[in-house]
Each structure stands twice: as C-alpha cells, then as structure tokens.
Amino acid sequence: MYTSKISGLGSYVPENVVTNDDLSKIMDTNDAWIQERTGIKERRHIKKGDGNSTSIMGVKAAKIALERANLTSDDIELIIFATLSPDMYFPGGGVRVQEMMNMKTIPAIDVRNQCSGFVYAISVADQFIKTGMYKNVLVIGSENHSGGLDMTTRGRGVSVIFGDGAGAAVLTRSEEEGKGILSTHLHSEGAHAKELSLEGPSTEHWVPEIIAENPQENIPYYPYMNGQFVFKNAVVRFSEVINEGLQANNRTASDIDMLIPHQANLRISQFVQKQFKLSDDQVYNNIQKYGNTTAASIPIALTEAWEEGKIKDGDLVVLAAFGSGFTWGSAIIKW
Ligand code: ACO
C-alpha cells in the first residue's frame, strides 16, 4: 500500500492587522481581557476591496504549496477544500479554486467540519492516496470570518477570537516505508452541535423568519459559543485523540517532535502541552498573531513551523483539532 507525504505547504493572511486595541474602539473589550483569556494579540481581517475571499485566499496559499512541491496545477488530481465560511451558500470553495487555478475537470470535495476541517480533509486525501486512486491531492483550509461576526459588544465573547486566512498542503503518493502520514483518527459528537454553531440563515432559519423574530439576543445569524463548555470538552478530546494516534503507532508523548494543535485558544494549547509534558519547542502556536482561523489554523501553523525550520526530516509531527460539531481528530506524521 502507498503512503501520503506532505510535499508542499503554503499560507496566506490578509494584510489588514486588527489589534485588540482596534477592537476596543468598536466594542466594550480590552487588550488585557483578550490576552489573558485567549493569548490573542492581533488577527487579520479582510478589508472590503482588498480582493480577498475565502476561495481567493485558498488559491494564494495553494499556489505557494504547489511551487514548493515542484508541481503545477496540472499535476493535481483532487481538491479538498475545508471551510465554514464559503464565498457562497453553494457551490463550495473547491470548484471555485478549480476554476481560478485553470485546473482540469478534476473532482473537488468540500469539507464542513469547522475547526477539525483540515484534519478531516487530510484524512480524506490520505485514503484516496493510500488506495492508489490519486497521486497528488491539494488540501486547503481557508476562512473569511470577519464579515460574519457580530462586531458589537453583544458579540464580543466570540468575535474577538476569530481571524481570516488560508493554508494549503499538497499530499503526494510515496512508497517510502515508515514515512509520511502514519495514521489519522476522526470523531464527532452531534449531541453538542448547538454549543458552537451558527443557526441561520439556513433551511431551519430563513432570512424572513430571522427578520420577523428580530430577537435582541442570541441572533441566529451570528455564531454562538458556549465558551466554558467548549473549553472543557476541547481539553479532554484533544488529549484523547492525540493518545489514540500515538497508541495506534506504538509511540508515546516523549516521541513527539512537534505538536501542531488547532489554534483555538492559547489556554487550550497550554493545557494540552502540560498534559503531555511537552516543552515550548515541541508545541507550535501562532494564535497570538492570527487569532483562531478555524480550518485554516493548522495549515497556517504547519507552514510557519516548517518555514522556521522547526520541522525536520524524520520528525514525528502530530496534528490535532477540536471544534464545532463537536468534531475532533488527529494525524500522526513521520516527516
Ligand atoms: N472583552 C471583555 N469582556 C468580555 C469579553 C470581551 N471580549 N467577552 C466576554 N466578556 C465578559 C462577559 O460578558 C462576562 O462578563 P460578566 O461576568 O460581567 O457577565 C465576563 O467577561 C466573563 O465571561 P465568560 O464568557 O464567562 O468568560 P470566560 O472566562 O469563560 O472566557 C472564553 C470566555 C475565552 C471564550 C472562554 O470560555 C474560553 O476560553 N473558551 C474556550 C472556547 C474557545 O476558545 N473557543 C475558540 C473557538 S472554538 C474552537 O476553536 C474549538
């Protein structure tokens, strides 16, 4: 059986930096509160007219990843696009990338698994490569959160956390034993779907209904998050799914060279780091600069860690995510 290796990585974030102080000018919040609870100092937001969208940022990241993989868009046989903030309600971002990159009529799959989207997408790509169906798969995670957040004091518990950006990875067939993606592990628990959700507009909450109800609180077209419940579940599921991946490969936490957690909240990453007794060098965090970019957070962090020389040949790299659904997953990679 074949394995998949990551042959190229790329990322893109919009130029517009939004600091915590910038947010405190438009809502009742402050730098100290945000940093203490989340670790976030600033994030990037698309600026109207800067030419970015979820798909366009995905294309920008994908072009870098392709170049680094020494491939062209003609070599790609499948696109997998993970996002919770597509340009349009339908179709999804995958076909837009296919069109913008002048690709052949290859298949495009959209993954709707929010913060776990990239790990789910990597897992789907890995299955297609392992079975021999495709040689090169382009996996993208991209989010345009800024346009859909409640940027008033009412929405501050959620809106200060999220940022825009994209990351991409090219997965390529390999026959090198014991290297590449060793395994992926995926889970979900729909019982908690509403604890971190955006209910409308949707088939359950069409726009006229939302306008007619005109609720003062919990407006269903802005995201809702039960923050403390999410925190409690996240730390348990992160650790379970990392352990599951390590055990499946007869490894222990001491074998981890680099853990790239989904950048949900610095406090969650630090909690997980402590549970596994990892040093600062073994866990990569960049939420301080970008906020939580959901499906884009792992590929952006992975790209930056690699660019900074923090991931070397032969390293054991662990990706782990938890998010809305709830969904969670891990990928164990021998670089
Ligand atoms: N600025 C200032 N004050 C705020 C803000 C803000 N941005 N947001 C909320 N507050 C206030 C609240 O109104 C509340 O005030 P009150 O006590 O007068 O009522 C007070 O701060 C405490 O609010 P809590 O919601 O209880 O704050 P908490 O300490 O739980 O922190 C947080 C909120 C950071 C969201 C926390 O619950 C958390 O870390 N949750 C984890 C969830 C998470 O990180 N999700 C990331 C996205 S999901 C994912 O990627 C998995």
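Summary of values
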| item | result |
| --- | --- |
| Out of 186, 182, 246, sole residue that is in a helix (DSSP H, G or I) and not polar (S, T, N, Q) | 246 |
| Count of region 115-168 residues which are surrounded by fewer than 19 Cβ atoms within 10 Å (Cβ to Cβ), under 28 Å from residue 179 (Cβ atoms) and of a type in the set (D, E, K, R) | 2 |
| Members of region 95-107 that are surrounded by fewer than 21 Cβ atoms within 10 Å (Cβ to Cβ) and at negative phi | 95, 99, 100, 101, 103, 104, 105, 106, 107 |
| Pair list, Cβ under 6 Å, 6 or more apart: region 294-308 residue under 28 Å from residue 225 (Cα atoms), other residue open to solvent by 10 Å² or more (accessible area, probe 1.4 Å) and part of a helix (DSSP H, G or I) | 294/114; 294/115 |
| Search result, residues across region 266-311 that are within 11 Å of the ligand (Cβ to nearest atom) and on the phi > 0 side of the Ramachandran plot | 291, 294 |
| Contacts under 7 angstrom Cβ, first residue in region 254-275 being of a type in the set (D, E, K, R), partner in a strand (DSSP E or B) and open to solvent by less than 10 Å² (accessible area, probe 1.4 Å), 6 or more apart | 255/316; 257/316; 257/317 |
| From the options 306, 328, residue that is part of a strand (DSSP E or B) and of a type outside the set (A, V, I, L, M) | 328 |
| Residue that is farthest from the ligand (Cβ to nearest atom) [pool: residues in region 254-265 that are closer than 14 Å to residue 331 by Cα and either among the hydrophobic types (A, V, I, L, M, F, W, C) or open to solvent by 30 Å² or more (accessible area, probe 1.4 Å) (or both)] | 257 |
| Inter-residue pairs, beta-carbon under 6 Å, first charged (D, E, K, R) and in region 187-206, second not in a helix (DSSP H, G or I), 6+ apart | 189/326; 195/226; 199/205; 199/220 |
| Out of 174, 197, 183, sole residue that is more than 30 Å from residue 8 (Cα to Cα) and open to solvent by less than 60 Å² (accessible area, probe 1.4 Å) | 197 |
| Scan of region 5-43 for residues that are of a type in the set (Gly, Ala, Ser), open to solvent by less than 10 Å² (accessible area, probe 1.4 Å) and farther than 12 Å from residue 288 by Cα, ordered by number | 8, 10 |
| Members of region 72-94 found to be open to solvent by 50 Å² or more (accessible area, probe 1.4 Å) and outside any loop (DSSP other than H, G, I, E, B), listed by number | 74, 75 |
| Residue match in region 198-211 (condition: outside any loop (DSSP other than H, G, I, E, B), under 20 Å from the mean Cα position of the chain (by Cα) and either under 21 Å from residue 85 (Cα atoms) or not basic (Lys, Arg) (or both)) | no |
| Strands (runs of 3 or more DSSP E) fully within region 1-71 counting 2 or more residues that are under 23 Å from the mean Cα position of the chain (by Cα) and within 16 Å of the ligand (Cβ to nearest atom) | 17-19, 42-44 |
| Yes/no for residue 46 being out of contact with any Ser or Thr (no Cβ under 6 Å at 6 or more places or on another chain) and either among the aliphatic types (A, V, I, L, M) or in contact (Cβ under 8 Å) with a residue 60 or more places away in the chain (or both) | no |
| Qualifying residue in region 106-117 (condition: within 30 Å of residue 230 (Cα to Cα), in contact with a His (Cβ under 9 Å, 6 or more places away or on another chain) and at pLDDT 95 or above) | yes |
| Residue within region 54-61 that is under 30 Å from residue 128 (Cα atoms) and open to solvent by 30 Å² or more (accessible area, probe 1.4 Å) present | yes |
| Exclusive hit being part of a helix (DSSP H, G or I), modelled with pLDDT of 90 or more and under 22 Å from residue 141 (Cβ atoms), set 234, 191 | 234 |
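The values are calculated or read from the model by the stated rules, or taken from the named source; none is laboratory data. The structure presented is a predicted model; accordingly, all values stated were derived computationally and were not measured. All Cβ positions, even for glycine, are placed from backbone atoms using ideal geometry, and neighbour counts span all protein chains on display. We work out accessible area using only protein heavy atoms, side chains counted, and drop any ligands, DNA or RNA first. Shrake-Rupley method; radii C 1.70, N 1.55, O 1.52, S 1.80 Å.
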